Structures are given as structure tokens and as C-alpha cells.
Amino acid sequence: MLILLSPSKKLDEHPDAAPAGTYTRPRLLADAERLAGQLRTLAPQELASLMHLSDRLASLNAARYQNWMPPFTPDNAAAALFMFRGDVYEGLDADTLSPEALALAQQRVRILSGLYGVLRPLDLMQPYRLEMGTRLANERGRDLYAFWGERITAQLNQDLAVSGNNLVVNLASAEYFKSVKPKALQGQLVTPAFRDWSKDRYKMISFFAKKARGLMTRYLIEQRIDSLEGLLGFEAAGYGFNPALTREPDQPVFTRRQD
């Protein structure tokens, strides 16, 4: 089984360390170096225009790319699952995972990344800002989707082959999942949706849906779920499976009503 997540813009550049000796390194780092090298040549004003950033964030990320330099070590980088701190990761709450759950997360969770391609939870990374939808013209094409091409899907297929379970739970955003080639993915793809009751109907509310993706990731890891039937048993923070709103079995809908 693999669980696909998006990264987050919010980062903790100095998180509490993961258990000693557990760090790994990104498998597509050579590709990341090509992108980082290109971004290093851009002035803050160019980054601001490319990524629609404020002057402050443009200067911050220009400095990040100037300082971005392998090899990654615990002294100059941090584990991805602990550095990302957005809504999904708040729901996942990696800081409180047991060592056993963290080891299983390393096997199953894959974070899609504009810069790194695919990250495992304990892969060391240096801070960056590069959303997958960024229209960065590069040596391979007009944007990051062209740059990554089949590489992300190929890496996921390698991981699926090792896992021994072909279930792929897509909890990434549409922007990031677009970097995966579904027809070439050698697994059973399931894309859960989360909806909250609002103004007399269930609707997707981004902030809550993101946290729910993190909560489901934690559930799948801690309960060692490896089937669609097990996934449908997810209940957390008031969410539960809603068969009435589920139109396709590979797109289960989970709803919450807070009166």
C-alpha cells in the first residue's frame, strides 16, 4: 500500500529530530539538484513573479536556494514528515507517532514534491518553496509536470512492487496528483473525499478536508489498514463513510455534520 500526500507551504526548519539512525535520503535528488540549480540563478524579483510571492517570501526563498546544497545531513536538513507543518500534517501529528507507526509510515507514505519529486517521511530535505503547478520552463519542458514526466510514477511503481500490496490511497491535492500518470500506475487507486455539512448540504471545505486527509493517513498507519474495506472503517473527528453520497467505489465520500 502507498498513501500519497501533498507537501505544505508551512515549514518548521528546525523540528525535533526523528529517532536517531532512521534518516534516509531522497531517491530523485539528482533531478532536484537540476531544478535547484536553475532556481538559484533567479533574483528575488523573478521568484516573486514566478511563484506569486510577496517581497519577503521571495527574498526568503531566494536565500533558501542559495543555501541549498547536498549532501544532506541531520546538521543541514530535516526529515520531511517533521518539516512539513501545514493542515494535513497537523491532522497527521507525526510528533506523536510511535516508533512502530513511524517505521510503517516510512514504508507507506509518499509525499509528492515539486522540487524532490517523491519523498519518504524520513527523507532528509532542505527547506524550499516550489509548488507543483509552478510554470517553470526548464530543460525538459514548459513546467514541472513536463520536468518530472514519468519519473514520479516510475518511483511509485517501484515502491508498490516492494510493498506487496497494490492499494494506492490518493490523499494528495489535484495539483500534485497531476504529476502521477494514473494509467501507468500499477496499483488500485482510491481517492477519498471529505465533506462537511454547511448551509443545508455537504460540501468540501478545504481547511477541514486537508486536516481529514492527515487524520486518515494516521488511521491507515496506526491500524495497519491494507484494504479498501479497512479504509471505509475510518472514523475520526466526526467523519464517517457515507455510502449514499459515494457514486464510485474508488471515490468513497466521508462526511461530518456538526450541529
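Every read-out reported here was derived from the displayed coordinates using simple, explicitly stated rules and does not represent laboratory data. Computed from a predicted model, the values in this text were never measured in an experiment. All Cβ positions, even for glycine, are placed from backbone atoms using ideal geometry, and neighbour counts span all protein chains on display.
Annotations for the structure displayed:
- Residue order for LYS178, LYS210, LYS10, fewest other beta carbons within 10 angstrom first, comes to LYS10, LYS178, LYS210.
- Region 78-217 shape via C-alpha gyration tensor axes, a/c threshold 1.5: rounded
- Prolate/oblate/rounded call for region 27-110, Cα gyration tensor, a/c under 1.5 rounded: prolate
- Only helical runs count toward this figure. For the chain, summing -39,500 (n - 2.57) over DSSP H runs of n ≥ 4 and dividing by all residues gives -10500 deg cm²/dmol at 222 nm.
- Alpha-carbon centroid distance for the pair region 77-155 / region 27-69, whole angstrom: 17 Å
- Nitroxide proxy distance, nm - points 7 Å out along Cα→Cβ at SER206 and LEU57: 1.1 nm
- Chain lengthening between GLU139 and ALA20 when straightened (0.36 nm per residue, less Cα-Cα): 39.0 nm
- Folded to 0 to 90 degrees: helix 99-108 orientation relative to the chain principal axis, Cα: 80 degrees
- Stretching the chain fully between ASP75 and ASP226 yields a gain of 50.8 nm (0.36 nm per residue, less the alpha carbon separation).
- Helix 55-67 vs. the chain, principal-axis angle (Cα, 0 to 90°, nearest 10): 70 degrees
- Between ALA78, ALA18, GLN258, the Cα set farthest toward the positive side of the dipole of the chain (charges on each charged residue's Cβ, about the Cα centre) is that of GLN258.
- Residue with peak Gaussian network fluctuation, the chain [Cα springs, cutoff 10 Å], from ALA212, ALA244, ALA174: ALA244
- GLN45 paired with ASP95, simple spin-label distance in nm, labels 7 Å along Cα-to-beta-carbon: 4.1 nm
- Of GLN158, GLN106, GLN38, the one that fluctuates the most in a GNM where the chain has Cα springs shorter than 10 Å: GLN158
- Residues VAL162, VAL169, VAL190, sorted so that the one with the fewest Cβ neighbours within 10 Å comes first: VAL162, VAL190, VAL169
- ARG34-GLU175 pseudo-label distance in nm [points 7 Å out on the Cα-to-Cβ vector]: 2.3 nm
- Cα-centred dipole magnitude for region 1-51, charges only on beta-carbon of K, R (+1) and D, E (-1), debye, nearest 20: 140 debye
- When each of ILE225, ILE3 is scored by the number of other beta-carbon atoms lying within 10 Å, the sequence from fewest to most is ILE225, ILE3.
- Percent antiparallel among DSSP beta bridges (both partners in the chain, rounded to 5): 50 percent
- Prolate/oblate/rounded call for region 1-143, Cα gyration tensor, a/c under 1.5 rounded: prolate
- Fluctuation leader among ARG218, ARG247, ARG108 - the chain, Gaussian network, Cα springs under 10 angstrom: ARG247
- Under a model in which nothing but the beta-carbon of Lys, Arg (+1) and Asp, Glu (-1) is charged, region 2-256 shows a dipole of about 660 debye around its Cα centre.
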